Amino acid sequence: MAIGQVWTVSCYAPQMSSLRALARLPAVLALGLCTSGLACTNDYDLLAPGPATGSGAADGQGGSGAHGGGTAASSSVAAGGGGASTTGGGGEGGRSPCAPTRVGPARAAAHASRQPKSIDGNLDDWGCSEPLLLDAASAAVAYSAKDRTPVVSVHARLEWDDGYLYFAAEVIDPTPGDGNDSAPYMNDSVELYLRGSTGADANYSPIDHHFIVDHAGRKMEDSPPLVELETDPAGFEAAALPWAEGYRIEARVDAAVLGGPWQAGRTLGFDLLVSDGEAQVEYLIWALGGHGPCGECSGQCCCNQGGGAELPSCNTLVFGDLDLL
Ligand SMILES: [Ca+2]
Ligand SMILES: [Ca+2]
């Protein structure tokens, strides 16, 4: 997300310089699957539903209303917190049988991990806790330089234990690809935004991070000013594998780099972006929330720049919430 980029309905062709900056700002995230012996969503207590606006995915119906209410509302924003689809199927190469649910606009849940996980892109070692859906209908921002509705979508899941926050994603992308070895954000990719700090002032602190993983498992962190375009991020492991409908990503973040270890009941800041096509010609952002005064905002911080310029890559205050259950 370009710092200073203005999104309007007619702004489907941002300048390349903006795209470059735009690509540096977003980052991703994800979740897991049902496995034999593990109960699915009914085994977990859902969070209380969010405000009336934007809810609806928990029952499999498309939601409506504001999702996040961010400043990019003048872009090709699809507001709404719902739009869940039943994944069904499962099995080798098939889609996860975990139906995406929604716990509230810009609010996600991570359950305690029930089994060890190998960070290899195979999601058989995941439970089925509350998959999060990110698609064009539910995204806070749905951007397309092609003047169309983005077709990519993500079913993501989060879990945690004393040592790590885990995420897995099934990315439904009919055209997984692009081959920029040095800049994974320019490829089909997912970006994960995590805020461990409390009392955030919009700047990325040492325990706030923006990680990027592409369809081939290339990874990067871009959390300026402390970390910029780092291809071997500290405390971050990730892998990707192709699957029938796109690609899967599995990752874990050391609790220590997010201010952990934690206890159940802690809430982290969280956001997710999925990019489809070379140079981020299309992307979805899960949350883009409103916020209070920005306080000290320096460097590449974009707090209160307005005009759609406030994005999770340059303002940690627009993240949604991730409850550790
Ligand atoms: Ca695995
Ligand atoms: Ca693609």
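Coordinate-derived values only; no laboratory data. Predicted model only: the values in this text are computed from it and were never measured. Neighbour counts are summed over all protein chains in view; Cβ atoms, including those assigned to glycine, are modelled from backbone coordinates with ideal geometry.
Side notes on the structure shown:
- Taking E221, E278 and counting other C-beta atoms within 10 Å, the order from fewest to most: E278, E221
- Put in order of Cβ neighbour count within 10 Å, fewest first, the listed residues Y164, Y143 become Y164, Y143.
- At full extension, E237 and R148 could sit 28.7 nm farther apart than now, given 0.36 nm per residue minus the alpha carbon distance.
- Phi-based couplings in Hz for segment 234-239 (Karplus 6.51, -1.76, 1.60; Gly and Pro marked x): 5, x, 9, 10, 7, 8
- With 0.36 nm allotted per residue and the present C-alpha distance subtracted, the D124-A112 stretch has 2.7 nm of extension available.
- Gained length - A256 relative to D181, 0.36 nm times residue gap less alpha-carbon distance: 24.1 nm
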